[in-house]
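For reference, the structure is listed below as structure tokens.
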Amino acid sequence: MAKKLPKPPVAVMILGVGSFAHSIGKALADAGADVSTYLTRNYGHYPPTLVGKTFSRDAFPSPVLLIREHKIDVVIPQSIDWALQPWAADLVKCGVGIFSPTGEAMRIERERDFARELCAKFKIPFPKSFVASNRIEAEKILAKNPQPFVIKNPLCSPTSPIHTILCETVADTRAWLRHVNYAEGVFLQEYLGRAEAGHVALVSGGEIHSLVTNQEYKYAFDGNQGIVAGAPLGGLVERDENDKYGLARELIQPLKPWLRESKFNGPLQVTAIKRGGKWHVIEYNIRIGVTSGPMILRMLNNPAEVVLRSARNEKLKLAFNDKLNFGCSLTLAGYGYPFTQVRGPQLPLEVDGEFDCDVWWNEVARGADGNLIATGHRIADVIALAPKLDAAIAKAYANIRKIRVVGSYFRTDVGQSLWPPGSI
């Protein structure tokens, strides 16, 4: 009788940098995957080297040849901007699994007004919203609708001319409309308050599989003060395959006809605000997220298999670790953040003691003397998981306090507001 050969490990290539590539890569490597990273940005190159081979976009203008050469099974993009690259069509054609929707299905995140139209079609609550091409049009909309708006770019991208500006009064909105960059127009979304929460699901084989309900702490400082930062300063996740808070039931499940029609497969996250006892969609994203993603993968018993099968649009069978019901993510922000036009020097990074949870380096490198240095605005993400929420939060804080960089800070109040979902 022929001996059965062992199944080769899933070969994963991450398209990204920093703590995203470090965290996703390590979680999958720990699950037996063979991990490599195609570096898509000009910073955060050191962390991915800690989990596998890395390839620079300068040396390799396209990842497609690398994918073929290394027999990659699945690629995981950090950003939806991969679809705008000159090699995007070749990537789709080469047949590799992509842990992201493609084509028409990407519009639900990429085009904010398309998401609004989808919600209208399927009777999903969505804030009153408008698109304007210039300041004059935007100010006319405000005059006819004198209420606070959240100001966004019509097209979602990490390089958008406008990053989310949350205005809580009409005067705030009017003042900001004088200063935003109208290169791609402006999307004005009715401000509904702060009772925000999210839900992450996987769509595969025509079915929707809930994973977690999450909360992102998007304001820069304690007490949810300051500006909305470019990426969250912290986050919570709760294992929620049964959709405890109704976010998937009310805001994702009604989209099933469109999801099937558009051949959507991969992650789908909804961010929503609760107002008048009802959830309203703020936006959809087609990624598992920088804060939630690594926690989700740690919660799954079979993350490499789940990612691969989702990328191939196959039926899923999720299995969770029963001891990891909650997660807490904290970000150590560097000098000048969130005001990224303010930059400091490269600074020494000190660690006092051993970590007993996940620590993912972001804008960090190893100096000539072999010691770690902070090289930018976001230094590390510290992530802890536990059976109970309080234990996860306590462990994350105990570990982030072991890291010291001059001028750095972290929020000290994650979990003290905005949780449970729908509260402020």
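The values are calculated or read from the model by the stated rules, or taken from the named source; none is laboratory data. None of these values were measured; they are calculated from a predicted model. When we count neighbours, we look across all protein chains shown, and the Cβ atoms used for this are built from the backbone with ideal geometry, even at glycine.
Computed values, structure above
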read-out	value
Thr173 vs. criteria under 22 Å from the mean Cα position of the chain (by Cα) and either in the same structural domain as Asn134 (by TED's automatic domain parsing) or modelled with pLDDT of 95 or more (or both)	no
Members of segment 366-424 that are free of Cβ contacts under 8 Å to residues at least 60 places away in the same chain, closer than 15 Å to Tyr335 by Cα and of a type in the set (A, V, I, L, M)	Ile373, Ala374, Ile379
Enumeration of residues in segment 59-80 that are under 24 Å from Glu109 (Cβ atoms) and assigned to a helix (DSSP H, G or I)	Val64, Ile67, Ile80
Close pairs from segment 40-51: first without any contact (Cβ under 8 Å) to a residue 60 or more places away in the chain, partner assigned to a loop (DSSP other than H, G, I, E, B) and surrounded by fewer than 18 Cβ atoms within 10 Å (Cβ to Cβ), Cβ under 7 Å, at least 6 apart	Thr40/Arg57
Residue check, Ala83 among the hydrophobic types (A, V, I, L, M, F, W, C), within 18 Å of Lys263 (Cα to Cα) and not in a loop (DSSP other than H, G, I, E, B)	yes
Unique residue being surrounded by fewer than 17 Cβ atoms within 10 Å (Cβ to Cβ) and either among the small types (Gly, Ala, Ser) or under 23 Å from the mean Cα position of the chain (by Cα) (or both) when the list is Ala398, Ala384	Ala398
Residue selected from segment 19-57 under the condition small (Gly, Ala, Ser) and not in a loop (DSSP other than H, G, I, E, B), by the criterion surrounded by the fewest Cβ atoms within 10 Å (Cβ to Cβ)	Ser56
Matching strands (runs of 3 or more DSSP E) fully within segment 122-234 where at least 3 residues are touching a residue at least 40 places away in the same chain (Cβ under 8 Å) and not aromatic (Phe, Trp, Tyr)	129-132, 186-190, 196-204, 207-216, 225-228
Filtered residues of segment 357-369 (kept if under 24 Å from the mean Cα position of the chain (by Cα) and either over 30 Å from Ala394 (Cβ atoms) or not aromatic (Phe, Trp, Tyr) (or both))	Cys357, Asp358, Val359, Asn362, Glu363, Val364, Ala365
